[in-house]
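**Q** Following this message is one structure expressed as structure tokens.
The values are calculated or read from the model by the stated rules, or taken from the named source; none is laboratory data. Worth saying up front: this structure is predicted, and the values here are computed from it rather than measured. All Cβ positions, glycine included, derive from the backbone under ideal geometry; neighbour counts span all protein chains shown. Each accessible area value is taken on the protein alone, full model and side chains, heavy atoms only, with ligands, DNA and RNA left out. Shrake-Rupley method; radii C 1.70, N 1.55, O 1.52, S 1.80 Å.
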Amino acid sequence: MRPRENSNLWALLFVAASARLLMQMAAMPPYAGLDELFHVARLAFVRAEGRNPTIAEKSVPQYLATIPLWPESRAVVDRPVEPRYVEPNYEAQQPSLYYSIAARLIPARSSLFELRAWRLLSVVFALIVVLATAAIDERGFVAAALVVSLPTWETLVVRASNDAFACAMVAVAIAATVHRNAIAEAIAWPLAIAAKLYTWPMLIVLPFFWRSQRAGRRRVIVVLLACALGFALTIADLAHRTRNPLGLFAFDPGGIHLSSIRVVDMLKIWVFTLAWTSGQHWDALRPLALVLYATPIAVAIVWTRGRAVAWWAIAAFAVAQVVNAVAYARSAQNGLPAGGKEGWYWYVLVPIVVPFLLATALRLRALALWIVAWDLLITEVALFHDYSGASSPAHPTAFFRWGPWHLPFTAHLEGIGVGPFVGAIVVLRAIHLAAVAALIVAITINGRNARPHDLPLPHP
């Protein structure tokens, strides 16, 4: 691929991803993301106190603890920032790296200002995920562009939290390894490890790439030592601030031992939150919609098989989540562990699954259109109307637990979405769709016109 054509593809990818991410940020009501209020509370504490909280001390500011929350309140409320704390914050169980960085970047002006600013920071990290995913394998531009059309991924990374940062560090780390950049590799992997515990299973990809690249002993030793340092500092921090070296309360000493776990219910939650979770009201796709949405994607991925490294990464992450669920099961009163069943955490696998599984399947261009079409259906027909209060569980449809059906691009989100750009959601969607379409056309034309020496070489 010639340099000018390559730069055009990067520009289209940047425009498509930016427009879609900003659209999601604009539409989401205050603290409607998963546990967003408590992530913001921890950021506010670190900014005011200059340190990360312990798991037991009061660290949730009063102005956040008493703020009206969507969906009970569908109005954006702005309050002055006050460092008075009223209750402990369970998000203190998270590693400190992200909070120590992000808290100091945003001044204490008002609750709305800080929420917008920390969300915008998440958008930047989410954009890094998309661009790094494309950099991992430049034959996967279309696949990388489709990451922003995965509704659960949007919910995970656009909200103010450490997830976008953790996913970005993983994506950069994998890109550095693929491109044999030893310095970036030795920096990005320890940062990923220190960002969040669910990044740890991703280390399984290193032996696959190092073996195929015949990596030198010095490179391997330096990266492993850097990762060990990241592990040690993270565990030391968590052991100091929480009740165990992993931080998560599931691993606290003691707990109730159960004789049975509701495994089927856990699997149901995992499947539905993997396909789409839209926030606090727990709307979800119904079984018919789930089958229609996921079957073509799953069949295409299994049929084309992809690379073994992606399947090993999936397996390692699954094992880690099982361990997580078993630990939480020790204190589950109703047989349903509090952790290990969340589908949204699996999107940390994007930089491996997308270039090495989905990109191969997307040789079928119809599959790309299918994913974008479902993004439109889920987001414009359902999610934004849920945000606006125009739907409810009293009117389920064949596709959604909440209904009734609504026309796309008609949701009224002024005064509901945090913004900015809440009045430009339709324009942002139009830009996103136009850029994705242009990207698909450009890739198709380049593929047809490629000379033999322009064609991509197979992976080792």
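**Q** Where in region 178-283 are the helices (runs of 4 or more DSSP H), entirely inside, with at least 3 residues that are touching a residue at least 60 places away in the same chain (Cβ under 8 Å) and open to solvent by 30 Å² or more (accessible area, probe 1.4 Å)?
**A** Correct list: 263-275.
**Q** Next question. Quick one: which residue in PHE45, PHE14 is among the aromatic types (Phe, Trp, Tyr), in contact (Cβ under 8 Å) with a residue 40 or more places away in the chain, under 29 Å from ILE193 (Cα atoms) and touching a Ser or Thr at 6+ places or on another chain (Cβ under 8 Å)?
**A** When all the criteria are applied, what remains is PHE45.
**Q** Can you name the number of the only condition in (1) closer than 30 Å to PHE208 by Cβ; (2) modelled with pLDDT under 90; (3) part of a helix (DSSP H, G or I) that THR444 fails?
**A** Result: THR444 fails condition (1) only.
**Q** Condition check: over 29 Å from ALA215 (Cα atoms) and part of a helix (DSSP H, G or I). Does VAL129 satisfy that?
**A** Answer is no for this residue.
**Q** Name the single residue that is modelled with the lowest pLDDT among those in region 46-67 being open to solvent by less than 50 Å² (accessible area, probe 1.4 Å) and in a loop (DSSP other than H, G, I, E, B).
**A** ILE67
**Q** Open to solvent by 10 Å² or more (accessible area, probe 1.4 Å), of a type in the set (Gly, Ala, Ser) and in a helix (DSSP H, G or I), is that true of ALA135?
**A** It is true that ALA135 is open to solvent by 10 Å² or more (accessible area, probe 1.4 Å), of a type in the set (Gly, Ala, Ser) and in a helix (DSSP H, G or I).
**Q** Pairs, please: C-beta under 8 Å, at least 6 apart or cross-chain, first residue more than 20 Å from THR155 (Cα to Cα) and in region 380-407, second in a helix (DSSP H, G or I) and open to solvent by 10 Å² or more (accessible area, probe 1.4 Å)?
**A** Matching pairs, first to second residue: ALA398/LEU288; TRP405/VAL381; HIS406/VAL381; LEU407/VAL381.
**Q** Restricted to region 103-115, and to residues that are open to solvent by less than 50 Å² (accessible area, probe 1.4 Å) and touching a Lys or Arg at 6+ places or on another chain (Cβ under 9 Å), which residue is nearest to PRO30 (Cα to Cα)?
**A** Result: LEU112.
**Q** Of the conditions (1) of a type in the set (Gly, Ala, Ser); (2) touching a residue at least 60 places away in the same chain (Cβ under 8 Å); (3) assigned to a loop (DSSP other than H, G, I, E, B); (4) in contact with a Leu (Cβ under 8 Å, 6 or more places away or on another chain), ALA368 clears all except one; give me its number.
**A** Among (1) of a type in the set (Gly, Ala, Ser); (2) touching a residue at least 60 places away in the same chain (Cβ under 8 Å); (3) assigned to a loop (DSSP other than H, G, I, E, B); (4) in contact with a Leu (Cβ under 8 Å, 6 or more places away or on another chain), the lone unmet condition for ALA368 is (3).
**Q** Right, something else. Which one of VAL77, VAL81, VAL40 is out of contact with any strand residue (DSSP E or B) (no Cβ under 7 Å at 6 or more places or on another chain), of a type in the set (A, V, I, L, M, F, W, C) and open to solvent by less than 30 Å² (accessible area, probe 1.4 Å)?
**A** VAL40
**Q** Please list, ordered by first then second residue, the pairs with beta carbon atoms under 8 Å, 6 or more apart or interchain, first in region 290-304 and of a type outside the set (D, E, K, R), second assigned to a helix (DSSP H, G or I) and open to solvent by 40 Å² or more (accessible area, probe 1.4 Å).
**A** These pairs meet every condition: LEU290/VAL271; LEU290/PHE272; PRO296/TRP370; ILE297/TRP370.
**Q** Considering every residue within region 192-206, establish whether at least one is among the charged types (D, E, K, R) and in contact with a His (Cβ under 8 Å, 6 or more places away or on another chain).
**A** No, there is no match, as no residue in region 192-206 is among the charged types (D, E, K, R) and in contact with a His (Cβ under 8 Å, 6 or more places away or on another chain).
**Q** All but one of (1) in contact (Cβ under 8 Å) with a residue 60 or more places away in the chain; (2) open to solvent by less than 70 Å² (accessible area, probe 1.4 Å); (3) farther than 18 Å from ALA27 by Cβ; (4) among the aromatic types (Phe, Trp, Tyr) hold for TRP118, so report the exception by its number.
**A** (3)
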